[in-house]
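Working notes, beginning with the structure itself.
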Amino acid sequence: MLWLSAALAEVPQCVELSDPYPTRRAERVGLGRNAAYLALRGWQLVIGPADGAGCTMYPSCSRYAMFAVAQEGVIRGTFMAAARLTRHHKDPDYSRCKVGDRTYVYAPVEGDTWWD
Amino acid sequence: MVCVAWAGEVDGRLVDMGLVEEAYAGALVDVASAPVSERYAAELYAGGILWEAERWDLASMHFRQVPEARLAYGYSLYREGQYGAAMLALEGLDEGRELSGFAALRLEDQAGAISHFEAAGATEVLSIVEAWKPLPHRRPGVAAALSAVLPGAGQAYVGRWGEASSALLVNTLLIGSTTTLIRREEYFAGVSVGLLALSFYGGNIMSARWGAHRHNRLAKEERLEALGEYEPRYRIEDGEVVR
C-alpha cells in the first residue's frame with residue numbers, strides 16, 4: 001500500500017540543485033572528469049535543446065551524469081549514468097516532484113546507494 | 001532560577017512565532033548560564049526546541065551528558081535513525097522498552113523486539129509482530145551476479161521487470177553490435193560501441209545491486225508503516241518528557 005499512499009500524496013516542488021561542476025578552479029581535478037563534463041555540457045547545449053525536454057526524471061539524465069562523474073569519478077559515474085538511462089520511470093516506488101506544473105520522477109545521485 | 005524561567009518563557013514565545021533559531025540561541029545562553037542543579041531543565045528545554053524543528057542530531061547532543069534525560073536521548077537517536085545507539089541509550093530503562101522494541105524492528109531483529117514488547121506489556125504490537133513472517137529479502141550480491149551472467153536477470157530477481165527488460169534489450173543490442181563490428185574488422189567503430197556496451201553492462205550490474213537494496217528497504221518500510229500508530233511519540237512539556 002506504500003505506492004498508493006505515495007501516489008495520493010501531494011507532489012512537492014523539486015529541490016533546486018547546485019551546479020554539479022566545482023566553481024573553484026582548484027577543485028576541478030582530473031582530465032577524465034573535465035572531459036566528461038565538457039562532453040555532457042556539449043550535449044546539453046547542442047543536442048538537448050534540439051531533442052526537446054523529454055526527460056521524465058529530475059535531475060535530467062545529463063545533469064545526473066555530471067553529478068555522478070563529479071562525485072564518484074569517471075568510471076563509476078559512467079556506470080551510474082548508464083544505469084539511470086535504463087531505469088524505468090513508471091516504477092511506483094520512486095518519489096515524485098514538480099517543476100512548475102510538470103511532474104518528474106525524483107532520482108538524485110544521493111538516493112543511489114550503490115556501495116552499501 | 002527566575003531568570004532561567006523568564007528566559008524560557010521568551011524562547012517559548014519565539015518558538016510560537018516560528019523563530020526556532022532565535023529561540024534555540026536563547027536556550028543555549030540559558031544552558032551556559034544555568035547552575036548544575038538546573039542543568040537538566042535547561043538542556044531539556046534546548047533539546048525540546050530542536051525537537052520542534054526536527055533537528056534530532058543536535059537535540060541528542062543536549063541530552064547525551066545528562067543522565068536524567070536518557071529517554072529524551074534515546075528518542076532523539078531513534079528519530080535520527082541511529083537505532084543501535086538508541087537501544088544502547090535506553091538499555092535498562094523501563095519507559096524506553098517499547099521504543100527499544102521499535103528500534104530492534106528497524107534493525108530487523110524481530111526476536112529482540114518481541115522480548116522488548118513483552119517486557120513493556122505492549123500486547124497489541126506484540127501480537128502483530130509475532131504474526132510476521134520473514135521478510136522477502138533479496139540479496140544484493142546475488143542480484144549483481146545474476147545481472148553479470150544475463151543482463152536484466154538481477155532486476156527480474158528483485159521484481160523490477162521494466163528495468164529488467166530495458167537492461168536486457170540495451171545490452172543485447174550493444175554487445176551484438178560490438179561483436180558484429182569486430183567480426184567485420186571495423187575496429188574503430190567496434191571499440192567505440194564496445195565502450196558504450198561496457199558502460200551499460202556495468203550500469204546493469206549496479207542497477208541490480210541497488211534494486212535489491214531498494215526492494216529490501218521498501219519491504220521493511222511497508223511493514224513498519226502498518227505499526228505507525230503504535231510507535232511512541234514523545235514531546236517535552238513543562239520540563240518533562242511526555243508521550
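Just check chain B against the gyration tensor rule for me: Cα atoms, a ≥ b ≥ c as the square roots of the eigenvalues, rounded for a/c under 1.5, and otherwise prolate or oblate depending on whether a/b exceeds b/c. Display every interim value, and only then the final one.
Details: a/c = 4.13, a/b = 2.13, b/c = 1.94.
It is prolate, given that a/c is not under 1.5 and a/b is the larger ratio.
Please arrange B:W51, B:W56 by how many other C-beta atoms lie within 10 Å of their C-beta, fewest to most. Let's see the in-between values first.
Working: B:W51 22, B:W56 18.
So the residues, fewest neighbours to most, are B:W56, B:W51.
P(r) for segment A:67-107, please, calculated from all Cα pair distances in 10 Å bins and given in %.
27, 39, 31, 3
How would you rank A:Y58, A:Y94, B:Y78, B:Y187, going from fewest to most other Cβ atoms within 10 Å of each one's own Cβ?
On the way: A:Y58 21, A:Y94 18, B:Y78 26, B:Y187 11.
So the ranking, lowest neighbour count to highest, is B:Y187, A:Y94, A:Y58, B:Y78.
Given the options B:V129, B:V191, B:V31, state which has the largest fluctuation in a GNM of chain B using a 10 Å cut-off (strictly under) for Cα springs.
Looking only at B:V129, B:V191, B:V31, the biggest GNM fluctuation is shown by B:V191.
What 222 nm value per residue comes from the helices of the protein assembly as shown, counting each DSSP H run with n ≥ 4 as -39,500 (n - 2.57) and dividing by all residues, nearest 500 deg cm²/dmol? Write down the numbers at each step before the final one.
On the way: 18 runs with 224 residues, N = 359.
For the protein assembly as shown, the value works out to -19500 deg cm²/dmol.
What do you get for the angle between helix B:2-16 and the principal long axis of chain B? Use alpha-carbon atoms, 0 to 90 degrees, nearest ten.
The angle comes out near 40 degrees.
Given bins 5 angstrom wide, list per bin the percent of all Cα-Cα distances in segment B:140-225, short to long.
3, 17, 21, 17, 14, 11, 7, 4, 2, 2, 1, 0
Just the number, please: Stokes-Einstein D of segment B:33-136 in µm²/s, Kirkwood Rh from C-alpha pairs, 10 °C, 1.306 mPa s. Before the final figure, lay out the partial values.
Numbers: Rh = 14.4 Å.
Roughly 110 µm²/s, to the nearest whole number.
I'd like the orientation of helix B:97-106 relative to chain B: the angle between its Cα long axis and the longest Cα principal axis, in ° from 0 to 90, rounded to 10.
That helix lies at roughly 10 degrees to the long axis.
Counting only other chains, and only Cβ atoms inside 10 Å, what mean value do you get across the residues of B:155-165? Don't skip to the end; give the middle numbers.
Numbers: counts 3, 0, 0, 0, 1, 4, 2, 6, 5, 2, 2.
Average per residue, whole number: 2.
If you place +1 on the Cβ of every Lys and Arg, -1 on the Cβ of every Asp and Glu, and leave all else neutral, what size is the dipole of chain B about its Cα centre, to the nearest 20 Debye?
Here chain B has a charge dipole of around 1720 debye.
Please arrange B:M206, B:M87 by counting, for each residue, the other beta carbons lying within 10 Å of its beta carbon, fewest first. Provide the component values of the computation, followed by the final result.
Details: B:M206 21, B:M87 24.
Fewest-to-most ranking of B:M206, B:M87: B:M206, B:M87.
DSSP beta bridges in the protein assembly as shown, what fraction antiparallel, as a percent rounded to 5?
Numbers: 8 of 11 bridges.
For the protein assembly as shown, the DSSP antiparallel bridge percentage is about 75.
Roughly speaking, what is the centre-to-centre gap between segment B:58-127 and segment B:155-217 when only Cα atoms are used, to the nearest Å?
Measuring centre to centre over Cα atoms gives 44 Å.
Between B:L93 and B:S165, how high is the FRET efficiency from 1/(1 + (r/R0)^6) when r is the Cβ-Cβ distance and R₀ = 45 Å? Nearest 0.05. It would help to have the intermediate numbers written out before the result.
On the way: r = 52 Å, r/R0 = 1.15.
So the FRET efficiency works out to roughly 0.30.
Which angle between 0 and 90 degrees, to the nearest 10, do you get for helix B:161-183 versus the longest principal axis of chain B when only C-alpha atoms count?
40 degrees
Picking from B:A69, B:A197, B:A212, which is most flexible by a Gaussian network model of chain B using Cα springs under 10 Å?
B:A197
Mind listing which GluC sites (Glu not before Pro) in segment B:115-199 are in a DSSP loop and have 10 or fewer other Cβ atoms within 10 Å? Can you show the working numbers first?
Details: sites: B:E118, B:E124, B:E130, B:E163, B:E185, B:E186; in loops: B:E185, B:E186.
When the GluC sites (Glu not before Pro) of segment B:115-199 are filtered for loop state and at most 10 Cβ neighbours within 10 Å, B:E185 remain.
Please compute the Kirkwood hydrodynamic radius over the protein assembly as shown, one decimal place, Å, based on all pairs of different Cα atoms. Mind dumping the intermediate values first?
Working: mean 1/r = 0.0414 Å⁻¹.
Result for the protein assembly as shown stands at 24.1 Å.
No value in this document is a laboratory result; all are computed from the given coordinates. Note that this is a predicted model, so its numbers are computed, not measured. Using ideal geometry, Cβ is built from the backbone for each residue, glycine included, and neighbour counts are taken over all protein chains shown.
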